[in-house]
1. When ranked by the protection proxy of mean other Cβ atoms within 10 Å per residue, highest first, what sequence do the peptides 331-339, 27-35 form?
2. For q = 0.16, 0.22 Å⁻¹, what log10 I(q)/I(0) does the stretch 259-301 give under the Debye formula with an equal point scatterer on each alpha carbon and no solvent?
3. Taking the chain as the reference, fit the longest principal axis to its C-alpha atoms, fit the long axis of helix 169-182 to the helix C-alpha atoms, and give the angle between the two in degrees, 0 to 90, nearest 10.
4. For the stretch 315-401, what relative contact order do you get, as a whole percent, if you take Cα pairs closer than 8 Å and at least 6 residues apart?
5. By its C-alpha gyration tensor, with a ≥ b ≥ c as the square roots of the eigenvalues, how is the stretch 157-273 shaped: rounded for a/c under 1.5, else prolate for a/b larger than b/c, else oblate?
6. Once the piece of chain linking residue 368 and residue 281 is laid out straight, how much longer is it, given 0.36 nm per residue of separation minus the C-alpha distance between them?
7. Give me the Kirkwood hydrodynamic radius of the stretch 76-123 in Å, from all C-alpha pairs, to one decimal place?
8. Of 37, 323, how do they rank once you tally other Cβ atoms within 10 Å and put the fewest first?
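Derivation of every value follows stated rules applied to the coordinates shown; laboratory data play no part. Predicted model, so just to flag it, every value in this text is computed and none were measured. With ideal geometry, Cβ positions are generated from the backbone for all residues, glycine too; neighbour counts draw on all protein chains shown.
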Ligand SMILES: *Cc1c(COP(=O)(O)O)cnc(C)c1O
């Protein structure tokens, strides 16, 4: 597991590390000491690969979009993470970490979830692998995301409502950390490239299967070792980390990270961390965070629940600072337009998160022969409620017909 950009202590340049209360050190140290050895084991690799193939359905296709290509004057491909079991890339990571927990002799999993997507992916693998699953979720989020709460319960997970603070994701994170301190026998399964070292590095590795496949598929379809562009949305940054991973050192590839602008970066209803954020500790690592001058977290906003996170992972903070990746942001409205465009041109309903990556196509200018890969992180079923509200607006007033 020779992972790019990160040093021994878990820093990507200025960002990363493990900033956790002393009482969590035994847990973090155990993981730091063991995870690389475990991942390298033949058995682990075999189990991980078989589940990715036969349970998740990998490799996911790389689909050439003829009409989208014509419209944006480039050779545009979608990496179809939406076709994974449970409908998004998150399961790549939850399988990897659940196998890790088992190797560490832990049978109880805890996780926190905002919109419920990570909670569902965690509950899914826990059902499969006979692990006990407890998910902390803000009471307000539980109200907003009833179908995902029901899914978790069907999968036999215990969903614990968090009633502190605003009753949203950051309160659920705090509650999970508190629980972990008191229950060191549990394994904390983190859902993105965030958290104390080694989580960001480990999650990036589990998601790196995305760029491993992109490399092979681009070679097969285009006879080239790399595309010219890779575009991915960034909430915490795990699907982007996976899509960028094997191309980070390949400077001919332009990496485009897309954040949610919400109602616009000129408003306070946004989740664009690289525009609004500053250096600070979030979720146990040094990174870019949306915070006020007293260091209090500012509640982010985006129409997309998966991008509604008040920071980005340390790897992305580093890629932003050293300009290896270009960061763009996309408003709710632009994302909705991109959803309807993809739906009407290619017959694919994307997740709202993924629609942010698609909307970046209109903000870049390509040469006709350039190869562009958009990571389609998830499918749109979970977002139907938002889409139902906007059908009239987007298929009549601003439709693409
Ligand atoms: C959770 C989620 C995201 C955002 O998470 P990252 O860690 O930034 O990838 C993006 N797309 C979908 C479909 C998601 O469910």
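1. Final packing ranking: 331-339, 27-35.
2. At q = 0.16, 0.22 Å⁻¹ the computed log10 ratios are -0.36, -0.66.
3. For helix 169-182, the angle is close to 30 degrees.
4. Once normalised by length, the contact order is 30 percent.
5. Oblate, since a/c reaches 1.5 and b/c is not below a/b.
6. 27.0 nm is the gain from fully extending residue 368 to residue 281.
7. Kirkwood hydrodynamic radius for the stretch 76-123: 11.9 Å.
8. Lowest count first: 323, 37.
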